[in-house]
Amino acid sequence: MAEDVKPTRKNLMAIEDRIELSERGHDTLEQKRDGLIMEFMDILDQAQDVRSELSDDYKTAQRKLNMARAMEGDVAVRGAAAALQEHPEITTQSKNIMGVVVPQIESTKVKKNLGERGYGLLGSSARIDEAADAYEELLETLILAAEVETAMKKMLEEIETTKRRVNALEFKLLPELYDNQDYIEQKLEEQEREEIFRLKKIKGKKEDEEREEREAEQEAEEAAETVPADD
Amino acid sequence: MSQEIAVIGSPDFTTGFRLAGVRKCENVPDDEKDEQLDDAVERVLEDDDVGIIIMYNDDLDHLSRSARNAVETSIEPTLVTLGGGAGSGGLRDQIKRAIGIDLMDEED
């Protein structure tokens, strides 16, 4: 509230400094927000591509799994799935995009050859191998999607935070500071006008006193002149 | 530190991933999803060894509001949903909120 600040020159200077700093911060944050949105747009295009690839891979994998189930039976598929010994692993490294730390996910042991799968050549069929292949491919796309979507989530969080800061400066802090500045300037002007009025009053009073003094002296002089001589 | 991939869903959904070597699978039968899916999600979210959670997009509707919010906004582990469009997993709403435009709608 503007009425909370003391209308002094010192406060006015402090508020002017804060306005300058806030305006600079506002401009910088606006640039950061725009930059983040541009970076986000690039990632969004990539995400759309990965999503459509993911959808295709999922459909293919499902079709192949259903085929394996139909041909070999559900028990055989579940048995092969339970026999697997190598498990896919992911390691996460980080990358910095405009101050936002986004992950870079690297995967190992996703794609396996027949020998590494552990269910043996005799105990399974080509249908199960095809389904396993398709799901391994799907996993690779999923890992890529996870990387891209995590980056998107992090960037969106940062964009939201920056946007909130820009709005807080633009619609809350700066208007308040401008109000305070106006209030102090008005109060100081009012004080100045009062001071001038007071000085004028004092000057008028002094002039009146001087005039009265002068008149009194004049009357005294005239009185002295009109006294008759004795001789 | 190396992490693993976890899959949550019906046994039909998880079987394919088990075939690809994923061992952290939370099997929740279709008729018990309303009661058990929340617990399964919570267990996976608390597991530090999990880096990616895979779920079927429609299964998110069975989650309670808090569990859904927790899994959708989680960054580590991160959620990837299958069977939904590009804006699935709460991403579309987040984009609308942050950018102010429905970018996913424009791209469709």
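The values are calculated or read from the model by the stated rules, or taken from the named source; none is laboratory data. Fair warning: this is a prediction, and the values are worked out from it, not measured in the lab. Because the Cβ atoms are built from the backbone with ideal geometry, glycine has one as well, and the counts that use them run over all protein chains shown. Note: accessible area is taken over every heavy atom of the protein model, side chains too, but ligands, DNA and RNA are not part of it. Shrake-Rupley method; radii C 1.70, N 1.55, O 1.52, S 1.80 Å.
Numerical summary
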{"read-out": "Selection status of residue A:10, open to solvent by 30 Å² or more (accessible area, probe 1.4 Å), more than 30 Å from residue A:140 (Cα to Cα) and not in a helix (DSSP H, G or I)", "value": "no"}
{"read-out": "Check on residue B:95, modelled with pLDDT of 90 or more, within 7 Å of another protein chain (Cβ to nearest Cβ) and out of contact with any His (no Cβ under 9 Å at 6 or more places or on another chain)", "value": "no"}
{"read-out": "Hits in segment B:9-26 - residues which are more than 10 Å from residue B:54 (Cβ to Cβ), among the small types (Gly, Ala, Ser) and touching a Leu at 6+ places or on another chain (Cβ under 9 Å)", "value": "B:16, B:20, B:21"}
{"read-out": "Within segment A:18-38, tally of residues that are among the polar types (S, T, N, Q) and open to solvent by 70 Å² or more (accessible area, probe 1.4 Å)", "value": "2"}
{"read-out": "Only listed residue being at pLDDT 90 or above and either more than 24 Å from residue A:81 (Cα to Cα) or at the interface with chain A (Cβ under 9 Å from one of its Cβ atoms) (or both), chosen from B:2, B:74, B:64", "value": "B:64"}
{"read-out": "Residue in segment A:157-164 that is at pLDDT below 90, surrounded by 19 or more Cβ atoms within 10 Å (Cβ to Cβ) and within 14 Å of chain B (Cβ to nearest Cβ) present", "value": "no"}
{"read-out": "Pairs with Cβ under 7 Å, 6+ apart, first in segment A:68-81 and within 11 Å of chain B (Cβ to nearest Cβ) and farther than 12 Å from residue A:125 by Cα, second open to solvent by 40 Å² or more (accessible area, probe 1.4 Å) and not β-branched (Val, Ile, Thr)", "value": "A:81/B:18"}
{"read-out": "Verdict on residue A:140 being more than 9 Å from chain B (Cβ to nearest Cβ), closer than 30 Å to residue A:10 by Cα and part of a helix (DSSP H, G or I)", "value": "no"}
{"read-out": "Single residue of segment A:48-63 satisfying the filter (within 7 Å of chain B (Cβ to nearest Cβ) and over 21 Å from residue B:11 (Cα atoms)) that is surrounded by the fewest Cβ atoms within 10 Å (Cβ to Cβ)", "value": "A:48"}
{"read-out": "Condition check for residue A:189: farther than 30 Å from residue B:98 by Cα, within 14 Å of chain B (Cβ to nearest Cβ) and open to solvent by 50 Å² or more (accessible area, probe 1.4 Å)", "value": "no"}
{"read-out": "Per-region count, segment A:121-168, residues of a type in the set (Asp, Glu) and over 23 Å from residue A:83 (Cα atoms)", "value": "5"}
